[in-house]
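The values are calculated or read from the model by the stated rules, or taken from the named source; none is laboratory data. Please read all numbers here as calculations on a predicted model, not as lab measurements. Note that we place each Cβ from the backbone using ideal geometry, even for glycine, and neighbour counts take in every protein chain shown. In case anyone asks, the SASA skips ligands and DNA or RNA and just uses the protein heavy atoms, side chains included. Shrake-Rupley method; radii C 1.70, N 1.55, O 1.52, S 1.80 Å.
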Amino acid sequence: MAKQAPQSDPAQDAPEVSAPQHAAAGLPAVGHSLRMAAEQMGPRRTLATLLKVNQPNGFDCPGCAWPEPDKTHTAEFCENGAKAVAEEATERRIRAEFFAAHSVSELAERSGYWLGQQGRLTQPMLLDEGATHYSPISWDDAFALIAEELRALDTPDGAAFYTSGRTSNEAAFAYQLFARRLGTNNLPDCSNMCHESSGSALTETLGVGKGSVSLKDLYQADLIIVAGQNPGTNHPRMLSALERAKRAGATIVSVNPLPEAGLERFKNPQHARGLVGHGTKLTDLFLQIRLGGDLALFRALNQLILDADGGVDRAFVEEHCHGFEEFAAEARTTGREEVLAATGLPWEQIEELARLVLGSRKVIVCWAMGLTQHKHAVPTIREVVNFLLLRGNVGRPGAGVCPVRGHSNVQGDRTMGIFERPSKAFLDALAGEFGFEPPRAHGLDSVDTIRGMRDGRVKVFFAMGGNFVAATPDTEVTEAAMRRCRLTVHVSTKLNRSHVITGARALILPTLGRTDRDVTARGAQFVSVEDSMGQVHSSRGGLRPPAPGLLSEVAIVCRLARAVLGPQDSVPWEDFATDYDTLRDRIARVVPGFADFNEKVRRPGGFTLPHGPRDSRTFPTATGKANFTVNPLTAPEVPAGRLLLQTLRSHDQYNTTIYGLDDRYRGITGGRRIVLVNPADAAELGLAEGAYVDLVGEWKDGVERRAPHFKVVHYPVARGGAAAYYPETNVLVPLDSTADISNTPTSKAVVVRFEPDSGER
Ligand code: SF4
């Protein structure tokens, strides 16, 4: 029997600190997975469900977007995958009585952890204007209410349609079609906050905004550089791939301001050596770089490659690249002092890495938020591409770019058209297929949507999944902006903070999850997702839904569209809602690479999308070639007496979903309001171990943003930096502090000062 939802809110934070760990997974991971799963699902459901995740004919893990190997293991999931599944497949339920017992203002005082632990939503709920509590509403009335608010807008751009990366391909395609038939490109998504910088840089330099490597490439690489990423917590099955590469002779280099257990050693629970032995040492060379120093590092490496005899793959550069001379001229101006100041690394380490690169034929660079959430993120990733192009490491087996996506279908949603800046080709195809002229003006991304709500231009906010107010920066500004809306709507499986920060009216529309069976009048339906490596495959939930009458994401979009666009709208929304094959047939004619979608998605393991740079060294860029770029060396500046804070996840967290209050690998238990500071910096700043402080964010707008009551933890972070968890520290990230070009919040680069604990909570 599953454990009851916690009544009291344990978030009165009392973190305990012990020594950080130096190995990931192993028996403890098995123990934690099964314990947390059984707490939510009970033993029998745990077994039935976990043996189906990431399996052929099973369902796709609602966690990250790491791909499945060709041959899946019986237990093809990691600890955090088990937690993600358990959170969704929990036996806990939220019914109307819960909302009758808890006012919205009372729920707003509760922690995100407590809200999420209450269970699955079971019926549509309305918070009417002036009401204090949510109350039940029928689906038809809910759709009619949304239609009424949308029709009352002066312009379709008065609405924004947000997507979280859990939304399936089928739901995402129908959703963008609905928004565009309504007349807007306001399609912000969670990618705006995470890999938008990667998409911008890769599209400009290679012509495709996605990774170019497969698992097979990782297994045969000579050198794998993991930069600004913590796979042990955020993409744990990647450790299996790194272990396999390592055992095949690869060298692994990690570049990170924090020493992360998952990059040091991996105890693979799928093997005896991982359960009882020492596991596998992963990282051969650890570069503990200063926050935001990656651009300088790759500039220095490129200079060393240019200066080395035979360092450059001339044949590749001449045949496939554009802009080499300008790039090389700039690279040769890279000053060693600037590099040392920006990276905080000893030059010898940079030279050692350059030697490893020059001794390798097949090099892969993997990265995540540590590169993408900085002001200079796009130039940094462009410089990583320069680094790979120099030695022809694109379009070669065992080599390439590997931005590792954080949400299970965030890449698929973008492929389906969830983008505020759609390409002309995509809109032309949509127009041709559905016989209408879609809006051509670019829409609002996530940061611009917040600005739009703040300024009263966006009055209706609709979210397909996610937890927008917790995932976005400048919490006080975002929450106030959300409250300015006429209507806020969330399609969700679980309760979260975004449900209690509402517009004048608010709706919660409960939907089926990945683990749930989806049966329509035309029989059992399945959906599809695209992983981080461009593999599209099916996902079939098998559990009885948490309540009768729950609608799938696809059905919600299609019924909403009919309610808003009216009976005369020619799109067969009803067919789409009851037979997803009909939707996939239309996707096949609009989205490149999806021809014969229904046949290909039914193949074991699905199919791989084409990728010109990988498949044939063809680069659909403005020049028709791979573009070298010039990226002036820059790094964050931090005034004296301040540190540069990065927001990050604990090991018991997935995006804004808090599974528990521990961060086992870092030695933190029972709480989340901690700030990790290097002992030498702490000494200089007078920050005693265990002292409580307020973090005060400083930015050029002169606004002081405060995050109160954080426990100081002396931790081996790189000098000059500090680290604390989000969403608690998103309040410190200024809305207007975004990456150039991609507009991604700079959540890895917040200048903070420390003040004595103000007692605020
Ligand atoms: S690695 Fe990612 S996708 Fe795979 S089981 Fe873990 S959380 Fe899920």
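In the range 340-357, the count of residues that are farther than 22 Å from Asn631 by Cα, in contact with a Pro (Cβ under 8 Å, 6 or more places away or on another chain) and not in a strand (DSSP E or B) is zero.
Each row is one residue, and each column tells you yes or no for (1) surrounded by fewer than 21 Cβ atoms within 10 Å (Cβ to Cβ); (2) assigned to a helix (DSSP H, G or I); (3) of a type in the set (Ser, Thr, Tyr).
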{"residue": "Leu145", "(1), (2), (3)": "yes, yes, no"}
{"residue": "Glu148", "(1), (2), (3)": "yes, yes, no"}
{"residue": "Asp157", "(1), (2), (3)": "yes, yes, no"}
{"residue": "Phe161", "(1), (2), (3)": "no, no, no"}
{"residue": "Ala172", "(1), (2), (3)": "no, yes, no"}
{"residue": "Ala179", "(1), (2), (3)": "no, yes, no"}
{"residue": "Asn185", "(1), (2), (3)": "no, no, no"}
{"residue": "Ser191", "(1), (2), (3)": "no, yes, yes"}
{"residue": "Ser198", "(1), (2), (3)": "no, yes, yes"}
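When Arg705, Arg672, Arg719, Arg753 are checked against the criterion of being more than 30 Å from Gly443 (Cβ to Cβ), buried (at least 21 other Cβ atoms within 10 Å of the Cβ) and at pLDDT 95 or above, a single residue qualifies: Arg672.
For every residue, the table says whether it meets (1) within 22 Å of the chain's Cα centre (by Cα); (2) within 25 Å of Arg584 (Cα to Cα); (3) surrounded by fewer than 24 Cβ atoms within 10 Å (Cβ to Cβ).
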site	(1), (2), (3)
Ala481	no, no, no
Ala506	no, no, no
Phe526	no, yes, yes
Glu530	yes, yes, no
Gly542	no, yes, yes
Gly549	no, yes, yes
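For the range 309-343, the set of residues classified as among the hydroxyl-bearing types (Ser, Thr, Tyr) and open to solvent by less than 50 Å² (accessible area, probe 1.4 Å) consists of Thr334, Thr343, listed by residue number.
Tell me, which helices (runs of 4 or more DSSP H) wholly within the range 35-135 include 2 or more residues that are away from the ligand (no atom under 16 Å from the Cβ)? Working first, answer last.
On the way: elements: 79-88, 96-101, 104-107, 112-116.
Qualifying helices (runs of 4 or more DSSP H): 96-101, 104-107, 112-116.
Here is a check on your reading of the model: is Pro124 touching a strand residue (DSSP E or B) at 6+ places or on another chain (Cβ under 6 Å) and either closer than 21 Å to Phe468 by Cβ or outside the structural domain of Thr656 (by TED's automatic domain parsing) (or both)? For Pro124, the condition - touching a strand residue (DSSP E or B) at 6+ places or on another chain (Cβ under 6 Å) and either closer than 21 Å to Phe468 by Cβ or outside the structural domain of Thr656 (by TED's automatic domain parsing) (or both) - is met. Here Thr233 meets each of (1) β-branched (Val, Ile, Thr); (2) within 24 Å of Gly392 (Cα to Cα); (3) touching a helix residue (DSSP H, G or I) at 6+ places or on another chain (Cβ under 9 Å) with one exception, condition (2).
Among the residues of the range 369-402, the ones that are open to solvent by less than 10 Å² (accessible area, probe 1.4 Å) and either of a type outside the set (Ser, Thr, Tyr) or farther than 14 Å from Gly293 by Cβ (or both) come to 22 in all. Applying the selection to the range 722-750, what residues are open to solvent by 10 Å² or more (accessible area, probe 1.4 Å) and part of a strand (DSSP E or B)? Of everything in the range 722-750, just one residue is open to solvent by 10 Å² or more (accessible area, probe 1.4 Å) and part of a strand (DSSP E or B), namely Thr738.
Suppose we keep only residues that are outside any strand (DSSP E or B) and open to solvent by 10 Å² or more (accessible area, probe 1.4 Å) within the range 257-268. Which one would you say is nearest to Phe298 (Cα to Cα)? Ranking the candidates gives Pro257 first. Beta carbons closer than 7 Å, at least 6 apart along the sequence or on distinct chains, pair a first residue in the range 71-95 that is closer than 27 Å to Thr122 by Cα with a second that is of a type in the set (D, E, K, R) and within 13 Å of the ligand (Cβ to nearest atom) for Glu88/Arg514. Only one entry of Pro632, Pro610, Pro620, Pro636 meets the criterion of being in contact with an Asp or Glu (Cβ under 9 Å, 6 or more places away or on another chain) and either modelled with pLDDT under 95 or open to solvent by 40 Å² or more (accessible area, probe 1.4 Å) (or both), and that entry is Pro632.
Kindly establish whether Glu97 is at pLDDT below 95, in the same structural domain as Gly542 (by TED's automatic domain parsing) and not hydrophobic (A, V, I, L, M, F, W, C). For Glu97, the condition - at pLDDT below 95, in the same structural domain as Gly542 (by TED's automatic domain parsing) and not hydrophobic (A, V, I, L, M, F, W, C) - is not met.
Based on this model, can you work out whether Thr488 counts as hydroxyl-bearing (Ser, Thr, Tyr), more than 16 Å from the ligand (Cβ to nearest atom) and surrounded by fewer than 24 Cβ atoms within 10 Å (Cβ to Cβ)? Judged against the criteria, Thr488 is not a match. Picking from residues in the range 404-427 that are open to solvent by 20 Å² or more (accessible area, probe 1.4 Å), outside any loop (DSSP other than H, G, I, E, B) and touching a strand residue (DSSP E or B) at 6+ places or on another chain (Cβ under 9 Å), the one that is farthest from Ser200 (Cα to Cα) is Thr415.
A Cβ distance below 9 Å, combined with a sequence gap of six or more or placement on separate chains, defines the contacts here; from the range 502-531, residues that are within 30 Å of Ala481 (Cβ to Cβ) reach residues that are in a strand (DSSP E or B) and within 16 Å of the ligand (Cβ to nearest atom) in the pairs Gly513/Phe59.
For the range 577-607, the set of residues classified as open to solvent by less than 60 Å² (accessible area, probe 1.4 Å) and closer than 30 Å to Ala399 by Cβ consists of Val591, Gly593, Phe594, Ala595, Phe597, Lys600, Val601, Gly605, Gly606, Phe607, listed by residue number.
Among residues that are open to solvent by 10 Å² or more (accessible area, probe 1.4 Å) and either within 16 Å of the ligand (Cβ to nearest atom) or not in a strand (DSSP E or B) (or both), Leu306 is included.
A Cβ distance below 6 Å, combined with a sequence gap of six or more or placement on separate chains, defines the contacts here; from the range 548-576, residues that are within 18 Å of His490 (Cβ to Cβ) and at pLDDT below 95 reach no residue that is part of a helix (DSSP H, G or I) and among the charged types (D, E, K, R). A residue that is among the basic types (Lys, Arg) and either free of Cβ contacts under 8 Å to residues at least 24 places away in the same chain or under 19 Å from Leu371 (Cβ atoms) (or both) occurs nowhere in the range 614-631.
Scan the range 60-88 residue by residue and report those that are over 19 Å from the mean Cα position of the chain (by Cα), open to solvent by 10 Å² or more (accessible area, probe 1.4 Å) and of a type in the set (A, V, I, L, M, F, W, C). The one that is over 19 Å from the mean Cα position of the chain (by Cα), open to solvent by 10 Å² or more (accessible area, probe 1.4 Å) and of a type in the set (A, V, I, L, M, F, W, C): Ala75.
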